Every structure is written in C-alpha cells, then in structure tokens.
C-alpha cells in the first residue's frame, strides 16, 4: 500500500497537467494563412512600422517582428513574408497589413 500511493499521486498529477495544457494551448490559427508581398520598402508613420507598395498597386503596412531589422532594407525592393495583421492605421494609408517574419532582398534599389 505504501508504494501504490506515490504512484497514484504521480498519475493524478500527470493527468491534471495534461488536461491543463489543453486549456492553455495557443488557439488554432488555421484561418490566418501566411502572406507574401514584393515591393519597395519605405519608412512608415511610427517606429518599427513600414509601408510597401507592390507593383500591382497594393499598399502594405509592414510591422516589424522582434528579431527582424527592417530598417536595414528601407529603399530596397524586397519580398516580405509574414502573418496578416488586423491593424488598420489610417496614418499609413495601407490597404493590407502584416507582421513580417522573413525578408528577401530582390534588388538594392526601388524602381519608380
């Protein structure tokens, strides 16, 4: 009997922990697929915010993620991949918004 109590207590602890992790798990974001856009990166109206216009005329508000230093790419044609953002700042004039997760330089300058 002395050996079964610690095993029973450990089993209840593990079962309770497994049930709790399901409660606090991140929500399923299957509806928000990553997006990708190419254009000329320009500074935005606020710190760590940028504006990019695609060749098709679409304007993107790009928000910097923690580890990505977008300031190094201002004035260059880039392809930015990231997650859609719900921000709609009227100051940036963008029709779409994303939080940048990856960036690739397409050319060292922007074509006008």
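The values are calculated or read from the model by the stated rules, or taken from the named source; none is laboratory data. Keep in mind it's a predicted model, so treat the numbers as computed, not measured. Please note: Cβ atoms are built from the backbone with ideal geometry, for glycine as well, and neighbour counts cover all protein chains shown.
Quick one: in region 48-73, which of the residues that are surrounded by 15 or more Cβ atoms within 10 Å (Cβ to Cβ) and over 17 Å from the mean Cα position of the chain (by Cα) is modelled with the lowest pLDDT?
53
Return the residue satisfying two criteria in turn: it lies in region 74-94 and is modelled with pLDDT of 90 or more and more than 15 Å from residue 37 (Cβ to Cβ), and of such residues it is surrounded by the fewest Cβ atoms within 10 Å (Cβ to Cβ).
This residue is 75.
Count, please, the residues in region 35-75 that happen to be in contact with a helix residue (DSSP H, G or I) (Cβ under 7 Å, 6 or more places away or on another chain) and more than 11 Å from residue 94 (Cα to Cα).
So the count comes out to 2.
Considering only residues that are part of a loop (DSSP other than H, G, I, E, B) and in contact with a strand residue (DSSP E or B) (Cβ under 9 Å, 6 or more places away or on another chain), which ones fall in region 41-55?
Taking region 41-55 and keeping what is part of a loop (DSSP other than H, G, I, E, B), we get 44-48, 54-55.
Within region 41-55, 44, 45, 48, 54, 55 meet the criteria.
Just to verify a result, which residue in region 95-112, among those that are part of a loop (DSSP other than H, G, I, E, B) and loosely packed, with under 15 Cβ neighbours inside 10 Å, is modelled with the lowest pLDDT? Let's see the steps before the verdict.
Of region 95-112, the ones part of a loop (DSSP other than H, G, I, E, B) are 95, 108-112.
Then drop every residue that is not loosely packed, with under 15 Cβ neighbours inside 10 Å, which leaves 95, 108-109, 111-112.
Details: 95: 83, 108: 91, 109: 88, 111: 75, 112: 63.
Among residues in region 95-112 that are part of a loop (DSSP other than H, G, I, E, B) and loosely packed, with under 15 Cβ neighbours inside 10 Å, the one modelled with the lowest pLDDT is 112.
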